[in-house]
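All remarks here apply to the structure that follows.
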Amino acid sequence: MIETSATALVAELEAVVGARYVLRDTADVEPYFMDWIGRNSGEALCVVRPGSAQEVAEIVRICAYHGEPVFPQGGNTGVVTGSIPLKGGHGVLLSLSRLKAIRALDKPNNSMTVEAGLTLAEVQSTAASIDRLFPLSLSAEGTCQIGGNVSTNAGGTGVLRYGNARDLVLGLEVVLADGTVWNGLKTLRKDNTGYDLKNLFIGSEGTLGIVTAVSLKLFPRPRQLAGAWIGVPDVSAAGGLLATFQERFDAALTTFELISGPQAAIIYAHVPDARSPLPDYHPWIVFAELSSPLSSADLEAELTTALAEAAEAGLVRDAAIAQSERQARDFWRIRHGVSEANRRQGLNFTHDVAVPISRIGDFLAQADAETTRRFAGAEVYVVSHMGDGNVHYTVTFQPDRVAELAPGIDLGARVTEMIHDLAVACGGSFGAEHGIGQRYRASLKRYKSSIELAMFRQLKQALDPAGVLNPGKVLPES
Ligand SMILES: Cc1cc2nc3c(=O)[nH]c(=O)nc-3n(C[C@H](O)[C@H](O)[C@H](O)COP(=O)(O)OP(=O)(O)OC[C@H]3O[C@@H](n4cnc5c(N)ncnc54)[C@H](O)[C@@H]3O)c2cc1C
């Protein structure tokens, strides 16, 4: 490692990207150093904003030479404190937001190749410009970037039909820890030629390489959509409805989200223009959407019939079917209002667990009972990508109750350990789609076997032996 002053390092970085793209003023760097939740921050020597993969490679090479870590950041919407630097002011925050080129659109091949800094919404609209669908969708899509989505293996609301980010990636371009660029931008559906390298980088949260471009799968655009906001009596009925819809609609069922009554109520209370589509309160809501590429399909009629039959079977209490595109957008606005509502409701600890779909009811009953027993006054809000067995279980406290409930104790860590233990005991995972970041390193150590942890460390050692890329994230201290 070569000793150097921050000023000399910054001068080298400025020579690569130009002085205007190396930020050091407090007001300029603050948004990059604070995470989306707004409770966690870090510091680095500077923020650097390269404009090409070659510039990313040069920056990594310079930082590796000087022994300074590189913290890659996309849209900074991650919720596990993975995208910000550590405390202490070391290293360089590398923002990918200027890598915006669309490198190739191949409609007959149903693929596109884009650079990492395009927002997810920009990727979706680029696909739409050639009459194709890029189906990854999540509430942060206006801000999160495709490089971040791939690096976190993001999920969202379309996983039931199209899979998560991993399933949508055909190839990657990655800057490695020594500053070399690996071009793996194939657009093939079949390529069994040795180890599948791209899958090492997908979901590795910037700890093994920096994604600079992505080749993505595209799909035909739906010609018909039908959505319903459905009141159901309990989680078991929601499970019965999911099974019925899957048998009846198979791949046409593209969304099946479960929302607890209290969760829906705080969205209506906090999110402007979010109003309940149903006149009465229901303990659980299902938001389901069907889609079809056939313009002749009458999905609305099919959905109406299915809901009527489900009501007769006692699975459904009431339902509103979207009568217009505007009403369908209103349903989505309510669904996408979850994070904002939770943020406004109090000090919240959100969890992102997965359990087998058949165990969601058990998990929720146990989690509710334990939360009530151990944390008096806690409020619980639940939203679940139910079709994927993914439950976001949020435990919220009014700030004035925290000192009383857990004097001198890390309340969040206690709640999280309880929820994670219960999910794992139900045959589940403590992390479904958000990743590990800094936040869940302790859980990774707690639940992964020693064999798994050893393989993780061997991979890191093989690809980033000097620990340049996003240190302090994912892997626990030994
Ligand atoms: C309102 C809201 C709703 C959300 N809903 C969902 C949801 O439904 N499903 C879901 O899965 N997630 C969800 N998230 C979490 C978040 O949006 C996703 O994790 C998203 O994929 C992160 O993308 P980003 O560009 O913001 O990445 P960042 O937050 O900037 O970074 C996330 C991680 O990836 C690394 N990284 C970023 N870009 C690169 C790159 N180009 N190369 C290498 N590493 C990189 C970072 O170092 C960090 O470790 C939500 C977040 C919010 C705020």
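May I ask you to say which residue of ARG132, ARG166, ARG189, ARG98 is under 20 Å from the mean Cα position of the chain (by Cα) and basic (Lys, Arg)? Let's see the steps before the verdict.
Working: ARG132 fails: under 20 Å from the mean Cα position of the chain (by Cα); ARG189 fails: under 20 Å from the mean Cα position of the chain (by Cα); ARG98 fails: under 20 Å from the mean Cα position of the chain (by Cα).
Among ARG132, ARG166, ARG189, ARG98, only ARG166 is under 20 Å from the mean Cα position of the chain (by Cα) and basic (Lys, Arg).
Each row is one residue, and each column tells you yes or no for (1) in contact with a Phe, Trp or Tyr (Cβ under 6 Å, 6 or more places away or on another chain); (2) in contact (Cβ under 8 Å) with a residue 12 or more places away in the chain; (3) more than 18 Å from LEU105 (Cβ to Cβ); (4) surrounded by fewer than 24 Cβ atoms within 10 Å (Cβ to Cβ).
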position: THR143; (1), (2), (3), (4): no, yes, yes, yes
position: TYR162; (1), (2), (3), (4): no, yes, yes, yes
position: THR207; (1), (2), (3), (4): no, yes, yes, no
position: VAL214; (1), (2), (3), (4): no, yes, no, no
position: LYS217; (1), (2), (3), (4): no, yes, no, yes
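When each of ALA413, ALA378, ALA462, ALA466 is tested for being surrounded by fewer than 16 Cβ atoms within 10 Å (Cβ to Cβ), away from the ligand (no atom under 16 Å from the Cβ), closer than 27 Å to MET34 by Cα and without any contact (Cβ under 8 Å) to a residue 60 or more places away in the chain, the lone residue that passes is ALA413. If you take the residues in the stretch 104-158 that are within 27 Å of GLY387 (Cβ to Cβ) and of a type in the set (D, E, K, R), which one is nearest to the ligand (Cβ to nearest atom)? Among those residues, the one meeting the criterion is GLU141.
Candidates GLY431, GLY412: the one that is modelled with pLDDT under 95 and either within 25 Å of the chain's Cα centre (by Cα) or not in a helix (DSSP H, G or I) (or both) is GLY412.
So which residues in the stretch 67-118 are outside any loop (DSSP other than H, G, I, E, B), in contact with a Ser or Thr (Cβ under 8 Å, 6 or more places away or on another chain) and open to solvent by less than 10 Å² (accessible area, probe 1.4 Å), if there are any at all? Spell out how you get there, then give the answer.
Let us first name the residues in the stretch 67-118 that are outside any loop (DSSP other than H, G, I, E, B), namely 70-73, 92-95, 102-106, 111-115.
Next, from what is left, pick out any that are in contact with a Ser or Thr (Cβ under 8 Å, 6 or more places away or on another chain): 71-73, 102-106, 111-115.
If the condition is that a residue be outside any loop (DSSP other than H, G, I, E, B), in contact with a Ser or Thr (Cβ under 8 Å, 6 or more places away or on another chain) and open to solvent by less than 10 Å² (accessible area, probe 1.4 Å), then PHE71, GLN73, SER111, MET112, VAL114 are the ones that fit.
Looking across PRO262, PRO279, PRO283, one residue alone is at pLDDT 95 or above and farther than 26 Å from ALA365 by Cα. It is PRO279. Against the definition (under 14 Å from the mean Cα position of the chain (by Cα), closer than 24 Å to ARG333 by Cα and not acidic (Asp, Glu)), how does LEU138 come out, yes or no? Answer is yes for this residue.
Going by the conditions given, is GLY82 in contact with an Asp or Glu (Cβ under 9 Å, 6 or more places away or on another chain), within 21 Å of PRO471 (Cα to Cα) and more than 15 Å from the ligand (Cβ to nearest atom)?
Values: in contact with an Asp or Glu (Cβ under 9 Å, 6 or more places away or on another chain): yes; within 21 Å of PRO471 (Cα to Cα): yes; more than 15 Å from the ligand (Cβ to nearest atom): no.
No; evaluated as a whole, the condition is false for this residue.
When GLN224 is tested against (1) more than 16 Å from the ligand (Cβ to nearest atom); (2) at pLDDT 95 or above; (3) open to solvent by 10 Å² or more (accessible area, probe 1.4 Å), only condition (2) is not met.
Being out of contact with any Asp or Glu (no Cβ under 7 Å at 6 or more places or on another chain), surrounded by fewer than 20 Cβ atoms within 10 Å (Cβ to Cβ), in a helix (DSSP H, G or I) and small (Gly, Ala, Ser) narrows it down to one residue among ALA423, ALA369, ALA341; which is it?
Numbers: ALA423 fails: surrounded by fewer than 20 Cβ atoms within 10 Å (Cβ to Cβ); ALA341 fails: surrounded by fewer than 20 Cβ atoms within 10 Å (Cβ to Cβ).
When all the criteria are applied, what remains is ALA369.
Across the stretch 35-58, not a single residue is classified as assigned to a strand (DSSP E or B), open to solvent by less than 10 Å² (accessible area, probe 1.4 Å), closer than 30 Å to TYR162 by Cα and within 12 Å of the ligand (Cβ to nearest atom).
Counting the residues of the stretch 281-297 that are in contact (Cβ under 8 Å) with a residue 24 or more places away in the chain, over 20 Å from GLY239 (Cα atoms) and surrounded by fewer than 22 Cβ atoms within 10 Å (Cβ to Cβ) gives 5. In the stretch 287-306 there is at least one residue matching the filter, namely being part of a loop (DSSP other than H, G, I, E, B), in contact with a helix residue (DSSP H, G or I) (Cβ under 9 Å, 6 or more places away or on another chain) and closer than 20 Å to LEU160 by Cβ. Restricting ALA252, ALA243, ALA237 to those that are farther than 24 Å from ARG329 by Cβ and open to solvent by less than 30 Å² (accessible area, probe 1.4 Å) reduces the list to ALA237. Kindly provide the set of residues from the stretch 165-176 that are within 28 Å of PRO31 (Cα to Cα) and open to solvent by 10 Å² or more (accessible area, probe 1.4 Å), ordered by number. Within the stretch 165-176, GLU173, LEU176 meet the criteria.
Among the residues of the stretch 1-23, the ones that are charged (D, E, K, R), surrounded by fewer than 15 Cβ atoms within 10 Å (Cβ to Cβ) and modelled with pLDDT of 95 or more come to 1 in all.
Take the conditions (1) within 16 Å of the ligand (Cβ to nearest atom); (2) touching a strand residue (DSSP E or B) at 6+ places or on another chain (Cβ under 7 Å); (3) of a type outside the set (Gly, Ala, Ser); GLU205 misses just one of them, which is (2).
The values are calculated or read from the model by the stated rules, or taken from the named source; none is laboratory data. Please read all numbers here as calculations on a predicted model, not as lab measurements. We place every Cβ from the backbone using ideal geometry, glycine too, and count neighbours over all the protein chains shown. Quick note on the areas: whole protein, heavy atoms, side chains included, nothing else; ligands and nucleic acids left out. Shrake-Rupley method; radii C 1.70, N 1.55, O 1.52, S 1.80 Å.
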